[in-house]
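**Student:** Can you read through this structure? Questions will come right after.
The values are calculated or read from the model by the stated rules, or taken from the named source; none is laboratory data. None of these values were measured; they are calculated from a predicted model. So basically every Cβ, Gly included, is an ideal-geometry build from the backbone, and we count neighbours across all protein chains shown.
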Amino acid sequence: MRILRIVYDYPPPLLGLNPGIFEMTVAQLKSGHQVEIWCGGWPRKKQISDTILDRVLRNDEIKPNLRVRIFPAALPILDIYALTVPFVFLSLLFKSKKIAESFDVVHCHGNLTLAFVLARRIFGRLRKVKFVFHLHITARGREERALKNRERIKFSDRYFSWPLHKYSDRLGCASADVVLCSSESVKEEAIKFCGASPEKITVVNNGVNFDTFGSEGDNLRQDFGYVESDRVIISVGTVSPRKGSLNLIRSLLKLPQNYFLMLVGGGSEKYLEYIKYEVQEMGLSRRVRITGPVDYFDLSKYYRTADVFVLPSSYEGFPKVVLEALACGLPVLTSKSFKVEPSFAQLIRYLPTTEPADIAKEILETINAPQKTDMKKLKESYSWEAIAAKIDDIYARLAK
């Protein structure tokens, strides 16, 4: 099929949400689809490089089936809704006839959905193309959790970006032929907050690339100075209040001295300064390592360095880092910030709360009695090929 994917986050760099979008696209290319990406990023990034594609695409004949069109990126003053969305909207208006003739499916993710839904309402010809709306989180769900946890929210986010994101979610759910949700909890939020019809919704989880992530291979224990008796905790993602970074650090105070923590990911400069100050005040400088952002293709070495993966977030859709950790053979401890199907819930261990004492207790119990992951079952259900096949079935039903 001919797919137009509209999404703000697309590599480079391979960080945050966009590795998942990239892997999904690669899996679809491998199964014979043609994909065109419309994304944010210009002028700060170039077309995705052949070097990155070479690492996941072995067949040169597939590469011509991918095209990436880059629109102006958000700026400090003008965010996505003030800059990227209007550019995408205008392009959709000018190219509406070509899109209607050239594509079988428009598959939208996140913020830029607003541009497509508005254009589709103006130009009826765009309604001839099947529309798939993919919710990885809901704006309303994230906002409610942030307010409940008294997280600091920028003025522009609270009164401009988030209202528009919530509006986009509602319009997308109302207009789409199919709504894909990344987890059971996102499905519940789509129905509760966005008025989505349950009959429209299909849960399609994230996947993991088992060629990139696995238990065999190099690790960094020796490079980082860890010895055999050390126990290493890893958490991957933005260092932020939402990810529960500070409580995870504080849990070290209740763990033996041979327990160490790696926080793999970036964060706002102000919050990182605060975290580093707290680490120093607690006397944990020797036991906490904040690596900063790590290249997607190097992440597996970090997972394999650790003994347990912990994610005490206050809100998640379906975190792909959980799948990556499982694929690398790590036991996984996570908060109850997202809901998954029972078969997947059996693969992970839930924290009773995200308080430091509970985190420490669960870490000790998990390391002393780690849960063995059924890799065969994981690959059958959560490889990107399996996820792409599930989406193919949805596309095929729409085409009838």
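**Student:** Among (1) charged (D, E, K, R); (2) farther than 17 Å from ILE233 by Cβ; (3) not assigned by TED's automatic domain parsing to the domain that holds ARG152, which single condition is GLU324 missing?
**Tutor:** (2)
**Student:** Would you confirm, using the coordinates I've provided, whether VAL264 is among the β-branched types (Val, Ile, Thr), farther than 30 Å from TYR382 by Cα and touching a helix residue (DSSP H, G or I) at 6+ places or on another chain (Cβ under 6 Å)? Walk me through it before giving the result.
**Tutor:** Details: among the β-branched types (Val, Ile, Thr): yes; farther than 30 Å from TYR382 by Cα: no; touching a helix residue (DSSP H, G or I) at 6+ places or on another chain (Cβ under 6 Å): yes.
No, not satisfied.
**Student:** Please specify each residue of the range 286-318 satisfying the condition of being under 30 Å from LEU135 (Cβ atoms) and of a type in the set (Gly, Ala, Ser).
**Tutor:** Result: GLY292, SER300, SER313, SER314, GLY317.
**Student:** Report yes if PHE309 is of a type in the set (Phe, Trp, Tyr), outside any helix (DSSP H, G or I) and assigned by TED's automatic domain parsing to the domain that holds LYS270, otherwise no. Step through it out loud before you land on a result.
**Tutor:** Working: of a type in the set (Phe, Trp, Tyr): yes; outside any helix (DSSP H, G or I): yes; assigned by TED's automatic domain parsing to the domain that holds LYS270: yes.
Judged against the criteria, PHE309 is a match.
**Student:** Show the residue pairs meeting these rules: Cβ distance below 8 Å; 6+ apart or different chains; first residue within the range 147-164 and closer than 22 Å to VAL85 by Cα; second residue of a type in the set (Ser, Thr, Tyr).
**Tutor:** Pairs found: PHE160/TYR81; SER161/TYR81; LEU164/TYR81.
**Student:** When the residues of the range 253-275 are filtered to those that are hydrophobic (A, V, I, L, M, F, W, C) and either in contact with a strand residue (DSSP E or B) (Cβ under 9 Å, 6 or more places away or on another chain) or without any contact (Cβ under 8 Å) to a residue 60 or more places away in the chain (or both), which remaining residue is surrounded by the fewest Cβ atoms within 10 Å (Cβ to Cβ)?
**Tutor:** Quick first cut of the range 253-275, residues hydrophobic (A, V, I, L, M, F, W, C) only: 253, 255, 260-264, 272, 275.
Those left that are additionally either in contact with a strand residue (DSSP E or B) (Cβ under 9 Å, 6 or more places away or on another chain) or without any contact (Cβ under 8 Å) to a residue 60 or more places away in the chain (or both): 255, 260-264, 272, 275.
Numbers: LEU255: 20, PHE260: 23, LEU261: 23, MET262: 22, LEU263: 25, VAL264: 22, LEU272: 17, ILE275: 19.
Going through the qualifying residues, I end up with LEU272.
**Student:** For the range 361-378, enumerate the residues that are surrounded by 15 or more Cβ atoms within 10 Å (Cβ to Cβ) and not in a loop (DSSP other than H, G, I, E, B).
**Tutor:** Matches in the range 361-378: LYS361, GLU362, ILE363, LEU364, THR366, ILE367, LEU378.
**Student:** Quick one: VAL232 ticks every box in (1) over 23 Å from the mean Cα position of the chain (by Cα); (2) free of Cβ contacts under 8 Å to residues at least 60 places away in the same chain; (3) under 29 Å from VAL340 (Cα atoms) except a single one, so which number is it?
**Tutor:** Answer for VAL232: the failing condition is (2).
**Student:** Name the residue that is surrounded by the fewest Cβ atoms within 10 Å (Cβ to Cβ), counting only residues in the range 95-119 that are over 16 Å from ILE3 (Cα atoms) and in contact with a Leu (Cβ under 7 Å, 6 or more places away or on another chain).
**Tutor:** Taking the candidates together, the pick is ALA119.
**Student:** Being under 15 Å from ARG231 (Cα atoms), touching a residue at least 40 places away in the same chain (Cβ under 8 Å) and either in contact with a strand residue (DSSP E or B) (Cβ under 6 Å, 6 or more places away or on another chain) or β-branched (Val, Ile, Thr) (or both) is the filter here, so list the residues in the range 276-311 that pass it.
**Tutor:** ARG289, TYR302, THR305, ALA306, ASP307, VAL308, PHE309, VAL310
**Student:** Working only within the range 21-44, note down all residues that are more than 13 Å from VAL68 (Cβ to Cβ), polar (S, T, N, Q) and surrounded by 21 or more Cβ atoms within 10 Å (Cβ to Cβ). Full working, then the answer.
**Tutor:** The first filter runs over the range 21-44 and keeps only residues more than 13 Å from VAL68 (Cβ to Cβ), leaving 23-24, 27-28, 30-33, 43-44.
Narrowing the set further to residues that are polar (S, T, N, Q) leaves 28, 31.
Listed by number, the list holds a single entry, GLN28.
**Student:** Here is a follow-up. Would the range 209-222 turn up any residue that is more than 29 Å from PHE344 (Cα to Cα) and without any contact (Cβ under 8 Å) to a residue 60 or more places away in the chain?
**Tutor:** Yes, some residue in the range 209-222 is more than 29 Å from PHE344 (Cα to Cα) and without any contact (Cβ under 8 Å) to a residue 60 or more places away in the chain.
**Student:** If you don't mind, another one. Look through the range 316-351, keep the residues that are among the basic types (Lys, Arg), surrounded by fewer than 20 Cβ atoms within 10 Å (Cβ to Cβ) and touching a helix residue (DSSP H, G or I) at 6+ places or on another chain (Cβ under 8 Å), and return whichever of them is nearest to ASN205 (Cα to Cα).
**Tutor:** Going residue by residue through the range 316-351, those that are among the basic types (Lys, Arg) are 320, 336, 339, 349.
Applying the additional criterion that residues be surrounded by fewer than 20 Cβ atoms within 10 Å (Cβ to Cβ) yields 336, 339, 349.
After this cut, where a residue has to be touching a helix residue (DSSP H, G or I) at 6+ places or on another chain (Cβ under 8 Å) as well, the list is 339, 349.
Numbers: LYS339: 11, ARG349: 18 Å.
The qualifying residue nearest to ASN205 (Cα to Cα) is LYS339.
**Student:** Moving to a separate point now. Between VAL26, VAL7, VAL35, which is in contact with a Cys (Cβ under 6 Å, 6 or more places away or on another chain), among the aliphatic types (A, V, I, L, M) and at pLDDT 90 or above?
**Tutor:** On the way: VAL26 fails: in contact with a Cys (Cβ under 6 Å, 6 or more places away or on another chain); VAL35 fails: in contact with a Cys (Cβ under 6 Å, 6 or more places away or on another chain).
After applying the criteria, what remains is VAL7.
**Student:** So which of ARG55, ARG2, ARG44 is of a type in the set (D, E, K, R) and modelled with pLDDT of 90 or more?
**Tutor:** Details: ARG55 fails: modelled with pLDDT of 90 or more; ARG44 fails: modelled with pLDDT of 90 or more.
It is ARG2.
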